[in-house]
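Accompanying notes for the structure given below.
The values are calculated or read from the model by the stated rules, or taken from the named source; none is laboratory data. No experiment lies behind these values; they were computed from the predicted model shown. Cβ atoms come from the backbone with ideal geometry, glycine included; neighbour counts cover every protein chain shown. The protein model used for the area step is the full one, side chains on, heavy atoms only, and it has no ligands, DNA or RNA in it. Shrake-Rupley method; radii C 1.70, N 1.55, O 1.52, S 1.80 Å.
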Amino acid sequence: MKIEDPIRQVPANVITGFLGVGKTTAIRHLLDNKPTGERWAVLVNEFGEIGVDGSLFGSENDGEVFIREVPGGCMCCTAGLPMQVALNQLLRRARPQRLLIEPTGLGHPREVLTALSEAASSGVLDLRATLTLVDARCLADERYLSNDTFRQQLEVADLVVANKSDLYGPRDLEALRRFLSSSAHGPTKPLKVVEQGRLLPEWLHSSSGFTLPQAQTHTHATHPEINEQPIPECGYLRLEHSGEGFHSCGWRFDPTLVFDFHKLFSLISGIGADRVKGVFITQDGVFGFNKADSVLSVLELDDISESRVEVIDAQPGEWTRMESAWLEALSAA
């Protein structure tokens, strides 16, 4: 039996930012522009219990992109075990030449980087620049300014990226510059301005400036791996999650259930939650739906194993009513 060489010094970047800032779109752009022939891996953490983002990144079929999801809130909780297990499995499977980590926008980036620093100290990872995406328009929302996670994301950033700049008003970007210059963590950090998550691959190459903080621990309740559970006879499985001042509800649907694309588009367009993301098998093909800031984008996908959707909002939703709406969006054919 062939003994593989140990995995050593894999360049690793954290791509962080608050809920709905465009991290998934940004990582898709990086994957689309990675050097040909390189194997890249993505470890993605989701606030909700239903894993959706992995499917939004696209197919792994080319053998150059590998995805691993850690749903259910902050992946660094419970002594970092979910993250350690997922990271080890992903590295063994992919043996990548670059690793991208996307923590949930409502997670704990400082603790994630602490866990990665431990892997770096053992020689497995080479920790590189942390990119923090910011939407300058959100500075007018007190939910961001008073949120500890938002402040942590700026604190750990090696590069701040003002995303969605095509949607800014005339004063938004200058307001962000003033905010960073007055912040305890902002003045020395470089700022880049992009549209639609168009990060440049060369921004990943710089080394990380993260230093280990004093030991801090936190835990959250954990659930059985719902993404591995069989779907019951009713045809769907649902799970709710709350934390960091937000609430989510996610659904998995049996792959035999086919949705009506136009009904889905209308339904998701009318949902007023902070974030809606889903992948669906429809009569017109397979599509990803991603809604943030009241803007819905639709992406055609190659294939998925089943339909999934997650809704996140600052207020608890009428989940049972929404569940009925998903079922009503099934194709009649």
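For this structure, a couple of remarks:
- Which listed residue is surrounded by fewer than 19 Cβ atoms within 10 Å (Cβ to Cβ) and either farther than 28 Å from residue 33 by Cβ or without any contact (Cβ under 8 Å) to a residue 60 or more places away in the chain (or both), from 122, 117: 122
- Selection within the stretch 59-76: residues that are modelled with pLDDT of 75 or more and part of a loop (DSSP other than H, G, I, E, B). The member of this set that is surrounded by the most Cβ atoms within 10 Å (Cβ to Cβ) is 64.
- Hits in the stretch 144-160 (condition: closer than 16 Å to residue 188 by Cβ, of a type outside the set (Gly, Ala, Ser) and not in a helix (DSSP H, G or I)): 156, 158, 159, 160
- Of the residues making up the stretch 238-271, those that are in a loop (DSSP other than H, G, I, E, B) and in contact with a strand residue (DSSP E or B) (Cβ under 8 Å, 6 or more places away or on another chain) are 254, 255, 257, 258, 260, 271.
- Count - residues of the stretch 1-58 that are within 22 Å of residue 196 (Cβ to Cβ) and in a strand (DSSP E or B): 8
- Cβ-Cβ contacts under 6 Å between residues 6 or more apart (or on different chains), taken from a first residue in the stretch 279-297 that is farther than 18 Å from residue 54 by Cα and without any contact (Cβ under 8 Å) to a residue 60 or more places away in the chain to a second residue that is small (Gly, Ala, Ser) and open to solvent by 20 Å² or more (accessible area, probe 1.4 Å), are listed as 283/331; 283/333; 296/269.
- Checking each residue in the stretch 252-272 for being among the aliphatic types (A, V, I, L, M) and either within 21 Å of residue 234 (Cα to Cα) or surrounded by 22 or more Cβ atoms within 10 Å (Cβ to Cβ) (or both) picks out 257, 258, 264, 268.
- Of the residues making up the stretch 285-314, those that are assigned to a strand (DSSP E or B) and of a type in the set (Gly, Ala, Ser) are 285, 288, 292, 297, 307.
- Candidates 133, 87 - the one that is under 24 Å from residue 10 (Cα atoms), open to solvent by less than 30 Å² (accessible area, probe 1.4 Å) and assigned to a strand (DSSP E or B): 133
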